[in-house]
Amino acid sequence: MFGKSAGAGRLVLVCIALVTACAHNVPQDSSTGADGKPKGAKPINIENGEGKAKGIVTYPGGDRVDWKVFELPPNIRGQIDVKLTWQPPRPGLQLAFDVFDEYNAPIVQSKRTSRKRSSSRIRTATIDNAKGKYFVRVYAVGRGDAGAYKLTVDFKENNGPIAIDLSKVDIPEPPKLAAVPEIEIGCDEFTFDVKVPACKNVCPTSNAPPGWPACKGKCPDPPDVNNSACWATMPCPNPPDRRVKSCPITKWPKCIDINNPDPQNPNCDNAVAPPVTGRVIKTEIQQSDTIITVAAGSDQGVSKSWKGHVLRGDSDSPMDGGEVTVIRVGKRETIGKVHLTTDQISANPRVKLTAPPK
């Protein structure tokens with residue numbers, strides 16, 4: 001019911017507005033009172049041919065329906081004019097009413113007085129040759145409708161003959177108003193909301209939930225370096241990642257350990273250890289080969305897979321037939337065999353050891 005002051009009326013409308021703004025999926029009767037059914041209808045007293053009632057109905061608030069009841073004096077008949085006016089929390093919201101007799105048989109439905117739905121806030125209905133008891137159902141029309149209403153009942157007695165005398169029959173309770181279907185909310189990549197069902201098959205422009213199915217094969221914003229769809233378009237991250245196309249080789253450091261290359265460092269892909277030159281410190285004849293010991297070993301990076309070549313004098317030119325096959329590598333020396341004489345080795349005691357190509 002309304003308060004007696006205009007301030008109270010405004011407070012009621014503010015409350016309705018808050019409910020309609022926040023509760024979109026509330027069942028129509030979740031918060032209704034006893035007057036939500038005919039048995040709990042609130043009486044309207046008819047005095048001097050007029051009766052009045054006030055109230056609030058709100059579909060979003062779960063109180064869609066109010067029932068009212070009025071009764072004419074015994075043996076009195078006449079014309080009843082019912083009028084509903086309301087004040088919505090925002091323009092365009094609609095209320096309506098319908099009238100039933102005491103046996104719950106529908107008598108009349110209200111009609112708008114204005115053709116424009118958005119501006120109409122008055123509905124009326126007339127009952128001719130009225131008598132006895134009547135029930136009025138006031139309700140919010142659509143899912144988002146609500147309003148504070150005033151219902152007036154005007155009665156004019158007549159003494160003419162009764163056109164129809166309804167027999168007392170057992171008529172069931174009037175059917176419940178059908179729920180208005182919920183408005184389906186659309187979705188696109190700019191209005192994405194994970195709670196909206198229509199967004200299930202939409203990939204948002206940014207901040208997609210992790211593993212969102214609709215974003216499979218698409219690079220999210222911000223990009224994810226572990227998403228292969230991002231490797232061709234995303235900027236180079238820090239630290240760099242060799243899977244990302246925009247990362248130049250200069251983003252990585254030099255290959256630190258060539259013998260144990262870092263697979264994530266592209267500078268190690270084709271890195272080759274620099275050659276090592278050492279002097280022959282020992283020679284030994286073994287059948288047709290000369291076994292030489294060179295003063296350079298694993299401490300200098302030499303391994304058994306390396307090859308060697310005897311250099312000519314003090315130059316860097318290899319001697320003909322001076323190829324050295326590495327037999328064994330120690331920490332500070334390398335043992336190999338060569339098809340040169342000990343005299344040739346003595347005259348050319350330097351060996352250049354080279355890592356195999358990648």
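From the backbone phi of the range 60-70, what are the Karplus-calculated ³J(HN,Hα) couplings (6.51 cos²θ - 1.76 cosθ + 1.60, θ = phi - 60°) in whole Hz, Gly and Pro given as x?
x, x, x, 10, 6, 10, 10, 9, 10, 9, 9
Under a plain spin-label model, where a point goes 7 Å from the Cα along Cα-to-Cβ, how far apart in nm are Asn267 and Glu71?
Placing both labels 7 Å beyond Cα along the Cβ direction yields 10.0 nm.
In degrees between 0 and 90, to the nearest 10, how far off the longest principal axis of the chain does helix 6-22 point, with axes built from Cα atoms?
40 degrees
Taking a cut-off of 29 Å between Cα atoms, list the lysines near Lys195, but don't count ones fewer than 8 places away on the same chain.
Within the straight-line limit of under 29 Å, Lys195 reaches these lysines: Lys216, Lys218.
So for the range 6-158, Kirkwood radius off the Cα pairs, Stokes-Einstein at 10 °C and 1.306 mPa s: how many µm² s⁻¹?
D, rounded to a whole number, is 100 µm²/s.
From the Cα gyration tensor of the range 230-271, with a ≥ b ≥ c the square roots of its eigenvalues, which class applies: rounded if a/c is under 1.5, or else prolate if a/b is larger than b/c, or else oblate? It would help to have the intermediate numbers written out before the result.
Details: a/c = 2.84, a/b = 2.45, b/c = 1.16.
It is prolate, given that a/c is not under 1.5 and a/b is the larger ratio.
For Rg and Dmax of the Cα atoms in Å, one of (1) 21.5, 69; (2) 23.2, 74; (3) 48.6, 152 was computed from the structure I shared and the rest are decoys. Which label?
Correct label, based on the coordinates given: (3).
Hey, what do the phi angles of the range 296-311 turn into as Karplus ³J(HN,Hα) couplings, whole Hz, using 6.51/-1.76/1.60 and θ = phi - 60°, x for Gly and Pro?
Computed from phi, the couplings for the range 296-311 are 6, x, 5, 4, 9, x, 6, 10, 5, 6, 6, 10, x, 8, 6, 8 Hz.
Using helices alone, what [θ] at 222 nm do you get for the chain, with -39,500 (n - 2.57) per DSSP H run of 4 or more residues, divided over all residues and rounded to the nearest 500?
Value at 222 nm, helices only: -2000 deg cm²/dmol.
Which cross-chain or sequence-distant (5 or more) residues have an amide H under 5 Å from the amide H of Gly78, H modelled 1.01 Å from N in plane?
Long-range HN contacts for Gly78: Asn129, Ala130, Asn158.
Residue by residue through the range 196-209, what is 3J(HN,Hα) from phi via Karplus (6.51 cos²θ - 1.76 cosθ + 1.60, θ = phi - 60°)? Round to whole Hz and write x for glycine and proline.
Each residue of the range 196-209 in turn: 8, x, 5, 7, 4, 9, 10, 9, x, 5, 8, 6, 5, x Hz.
Multiply the residue separation of Ser317 and Phe190 by 0.36 nm, subtract the distance between their alpha-carbon atoms, and state the gained length in nm to one decimal. List each step's numbers first, then the result.
Numbers: separation 127, 0.36 × 127 = 45.72 nm, distance 7.03 nm.
Contour length minus the Cα-Cα distance gives 38.7 nm.
Among the lysines, which have Cα under 27 Å from the Cα of Lys42 when same-chain residues fewer than 8 positions away are ignored?
Leaving aside lysines fewer than 8 places away in the same chain, those within reach of Lys42 are Lys4, Lys52, Lys54, Lys68, Lys83, Lys111, Lys131, Lys133, Lys150, Lys156, Lys168, Lys176.
We did not get these values from a lab; they are worked out from the coordinates using the rules stated. All values derive from a computational prediction rather than experimental measurement. Backbone-built Cβ (ideal geometry, glycine too); neighbour counts: all protein chains shown.
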